[in-house]
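Here the structure comes first, spelled out in structure tokens, and everything after it is commentary.
Just so it is clear, none of the values below were taken in a lab; they were calculated from the coordinates. Because the structure is a prediction, the values reported are computed rather than measured. Because the Cβ atoms are built from the backbone with ideal geometry, glycine has one as well, and the counts that use them run over all protein chains shown.
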Amino acid sequence: MIVRIALGLVALGLAGCVTLTPAEQESSAQVRTLADRTAQVYGMTPIHLLVTQNPNDPPGSFRPGYFAVSTITLTSTFRDAIVAHELGHYVLGHDRPLRGATPDELEREYQQRELDANAKGVEILIRVAGYSEVRALRTMYDYLAGVQLALDRYPHMDLRGHKSPCEEMADLLTRFPKQKDWTAPLDCAPAGSG
């Protein structure tokens, strides 16, 4: 408990050191509201938000007690997908240690967590943000498609433990079979979905 409080204070302190533009401040407030509503809807302890300005930081990340987004994310068209994905980790309890015994098992478990966070992020956009299932799925798919485009341009891009974006898109689309009519022709749609 003391560790969580300390992490929370560090996250709040660091967030206070970041100078945000008015647009970033407004976006940050919206992200905080989504995080607070997520905690309420899922009956969880509130999670702290850390805003980072380092351009080398990932667009979003999750750690025990807090999640982080970059200032670039705050004004990105992909903000809601990134935030929902990180909140998906939080709701799924991904702050627990991985249980794999070998490096391969650890990697598979980590990748599975990322896939699960994508799907839970869609659910959060529906249950908490009030998106329709179509809009929520499209929001997450479009973000992953954007990551795929970046990877196509920069093949050595660090995916930080994720499967390829195309594999993540295929997995995501299989989890929402009711949307198959419009998702089947999309890039990376799973085989046999057309």
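In debye, nearest 20: dipole of the stretch 102-182 around its Cα centre with unit charges on the Cβ of K, R (+) and D, E (-)?
I would put it at about 420 debye.
Taking the Cβ of ARG175 as the centre, find all other residues whose Cβ is under 12 Å away and add up their charges (Lys, Arg: +1; Asp, Glu: -1).
So the environment of ARG175 carries a net charge of -2.
By counting other Cβ atoms within 10 Å of each Cβ, how are VAL147, VAL69 ranked from fewest to most?
VAL147, VAL69
Cα-based Rg of the stretch 71-136 per 2.2 N^0.38 Å, rounded to two decimals?
Its radius of gyration relative to the 2.2 N^0.38 Å reference: 1.26.
How big is D, in µm² s⁻¹, for the stretch 138-178 by Stokes-Einstein at 25 °C and 0.890 mPa s if Rh is the Kirkwood radius over C-alpha pairs?
230 µm²/s
Under unit Cβ charges (Lys, Arg +1; Asp, Glu -1), what dipole magnitude, rounded to 20 debye, does the chain have relative to its Cα centre?
The dipole of the chain has a size of about 460 debye.
Using only the C-alpha atoms of the stretch 33-160, find the volume of their convex hull and express it per residue in Å³.
Dividing the Cα hull volume of the stretch 33-160 by its residue count gives 113 Å³.
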